[in-house]
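The values are calculated or read from the model by the stated rules, or taken from the named source; none is laboratory data. Being a predicted model, the structure only gives us computed values, none of them experimental. Here Cβ is always computed from backbone atoms with ideal geometry, including for glycine, and neighbour counts include all displayed protein chains.
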């Protein structure tokens with residue numbers, strides 16, 4: 001990018017900015033002293049303004065014409081800059097969240113595919129290998145079979161290391 005295309009390159013002198021905005025040079029020096037807009041300095045210590053700073057100066061001049069004090073104007077400018085930073089952070093976070101959501105969807109799709117493959121492979125294995133003894137599909141699991149102790153007569157039972165009658 002060429003320097004004259006970049007809005008943040010300090011190209012303009014105090015005289016040029018004063019002429020562009022129909023302001024006095026003393027006004028520009030004053031807002032620099034009060035740190036409302038602080039331009040960079042050239043090697044010869046001359047103030048050099050960027051196009052971004054020129055837009056801010058235009059805003060400062062308008063607020064000053066409306067009767068606002070320089071400290072109030074400075075605070076407004078600071079708050080606007082903070083807001084711009086927060087908005088940028090929000091936008092960055094929203095973009096990152098969107099990336100993460102897309103990645104999550106992709107991972108869920110991969111997981112579903114892997115589960116289907118595992119299920120399909122498991123069915124194929126079931127067709128090839130007979131079930132182990134005792135786990136045939138027709139046999140009931142142990143927890144559904146009658147309790148083998150239900151029909152026994154009362155007898156001794158162990159509780160906490162003691163022998164007791166039921």
- Query: Are any of the residues in the range 86-103 assigned to a loop (DSSP other than H, G, I, E, B) and under 38 Å from the mean Cα position of the chain (by Cα)?
  - Reply: no
- Message: Every residue in the range 24-38 that is out of contact with any helix residue (DSSP H, G or I) (no Cβ under 6 Å at 6 or more places or on another chain) and part of a loop (DSSP other than H, G, I, E, B), please.
- Response: 24, 35
- Message: Being surrounded by 10 or more Cβ atoms within 10 Å (Cβ to Cβ) and within 33 Å of the chain's Cα centre (by Cα) narrows it down to one residue among 75, 48; which is it?
- Response: 75
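Checking the structure you have, find out if any residue of the range 54-61 is at pLDDT 90 or above, touching a strand residue (DSSP E or B) at 6+ places or on another chain (Cβ under 9 Å) and within 24 Å of residue 84 (Cα to Cα). Spell out the reasoning first.
Taking the range 54-61 as the starting set, the residues that turn out to be at pLDDT 90 or above are 54-61.
Right, trim to touching a strand residue (DSSP E or B) at 6+ places or on another chain (Cβ under 9 Å) and you get 54, 57.
If we keep only those that are within 24 Å of residue 84 (Cα to Cα) as well, we get 54, 57.
Yes, that holds for at least one residue.
Quick test for you: out of 14, 60, 36, pick the one residue that is farther than 17 Å from residue 77 by Cβ and crowded, with 18+ Cβ neighbours inside 10 Å. Before you say what the answer is, go through the steps one by one.
Working: 60 fails: farther than 17 Å from residue 77 by Cβ; 36 fails: farther than 17 Å from residue 77 by Cβ.
The match here is 14.
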